[in-house]
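Okay, so here's the structure we're looking at.
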Amino acid sequence: MDALELGATLYVPGTRTDLFDIVAGRRHPGLRSAVICLEDSIRPADVPLALTNLASLLQRLGEEPATVPVFIRPRDERMLGHMLGFPGIEAIQGFVVPKATAESLPPYLRALASDTHLLMPTLETREAFDPAELGRVREQLLAIKERVLCIRIGGNDLLHTIGARRSAIRTAYEGPLGGTIAALVTAFAPFGFALSAPVFEHFDSPDLLLEEVERDIEHGLLTKTAIHPCQIDVIQSAYRVGASELAEAREILGNDRGVFALNGSMCEPATHGRWAESVVKRASIYGVRPEVVAAAG
C-alpha cells in the first residue's frame, strides 16, 4: 500500500457501534482509510467497551473483509500487545503509534518485532519541536522503513503542548504550527518517508479546509486526518490533478533534455522528477480536475 492511497483518513472512536458499516464502505462512500481510535478520542472508563467492539469487528471481518483499509490506534504498547492476541487481528492493515518519541517507540517496535502490520507513528509531543529528538526518531524508523506507511502529524496535540488552539478563520500554516509542519517535512521527507497533514477540526468551514489542503499539497503532504465525514470529499477532491499540471509532469518525465521551458516556467527533470512522479500517481488514484476556461470578452 502507498501512503497516497490513504486519502482522507477518518478517525473513528472505538466506542461506536457501527464500526463494521464504516470499514465496509456502507456509511461513507468514497472513504479510503479509517483509524479506529482507542486513545484520546475515548474516556478511560470506555476502554473495555471499545476493546469489546474491536474484538467483535475483527470477528466480523473474518466473515466479510473490509473494503476500507483499517488501522488501530492503541492507548499504549501494553494495549497493543493485548490486541495482537485478538483472533482476526490479521484482517487490519496496521497500527497508529500515538505520541511517538525516541523513548516511546522501542517498546512498540519490540511488541511488533515478529509482526507484519504497517505502522503510522504520530509526532504530537514536545519532542517534535526538537531537531535532535526528531533525528533520533528518524534513525529508529529508518531501521524499519519498509513498514512505515507514513508519519502522522498530530496538530492538536502539538498545539496543546504550547497551550494553544488552532484558529477557526486561518489555516494551520498561518498559525504557530506553520513552521513546525515545514520542519517535520524537511526532517523526514528527504529520507523517503511520507507524512500526513494534521486534522482540520472546524468541520463546518469547507472553504478554509480546501485552502489548507492546497497548502498541504505545497508541502508534499498528500494524505490528511479527517475527523468528520463531511471532510472526506473536500480533501480527496483537492488531490485531483489539473490537466495542465498532469501534462507538464508527463513532459518532465518523458523529456530527455537537461532543462527546457514549458508554459512560462523552467522544467528540469533532474530536480522536478520526483514532483512529476507524484502528480502522475495522484492522477491515477484521484483523477483529473477539469480546467476552468475563462469566457472571451
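The values are calculated or read from the model by the stated rules, or taken from the named source; none is laboratory data. These numbers come from a predicted model, not from an experiment. Cβ placement follows ideal geometry from the backbone for every residue including glycine, while neighbour counts extend to all protein chains displayed.
When residues of region 167-198 are filtered for being closer than 15 Å to residue 128 by Cβ, surrounded by 20 or more Cβ atoms within 10 Å (Cβ to Cβ) and either of a type in the set (Val, Ile, Thr) or not assigned by TED's automatic domain parsing to the domain that holds residue 235 (or both), how many remain?
2
Scan region 233-254 and give yes if some residue there is in contact with a Cys (Cβ under 9 Å, 6 or more places away or on another chain) and not hydrophobic (A, V, I, L, M, F, W, C), otherwise no.
Yes - at least one qualifying residue is present in region 233-254.
Here is a check on your reading of the model: is residue 248 touching a residue at least 12 places away in the same chain (Cβ under 8 Å), more than 30 Å from residue 145 (Cα to Cα) and in the same structural domain as residue 7 (by TED's automatic domain parsing)?
Judged against the criteria, residue 248 is not a match.
For region 1-23, which positions are out of contact with any Asp or Glu (no Cβ under 7 Å at 6 or more places or on another chain) and part of a loop (DSSP other than H, G, I, E, B)?
Selection gives 1, 2, 7, 14, 16, 17, 18.
Counting only residues that are among the small types (Gly, Ala, Ser) and within 23 Å of the chain's Cα centre (by Cα), which one in region 238-252 is farthest from residue 224 (Cα to Cα)?
242
Assess whether residue 132 counts as being touching a residue at least 40 places away in the same chain (Cβ under 8 Å) and over 26 Å from residue 78 (Cα atoms).
Answer is no for this residue.
If we only count helices (runs of 4 or more DSSP H) wholly inside region 209-297, which ones have 1 or more residues that are modelled with pLDDT of 80 or more and farther than 20 Å from residue 172 by Cα?
Because the criterion is at least 1 residues that are modelled with pLDDT of 80 or more and farther than 20 Å from residue 172 by Cα, the helices (runs of 4 or more DSSP H) in region 209-297 that meet it are 243-254, 269-286.
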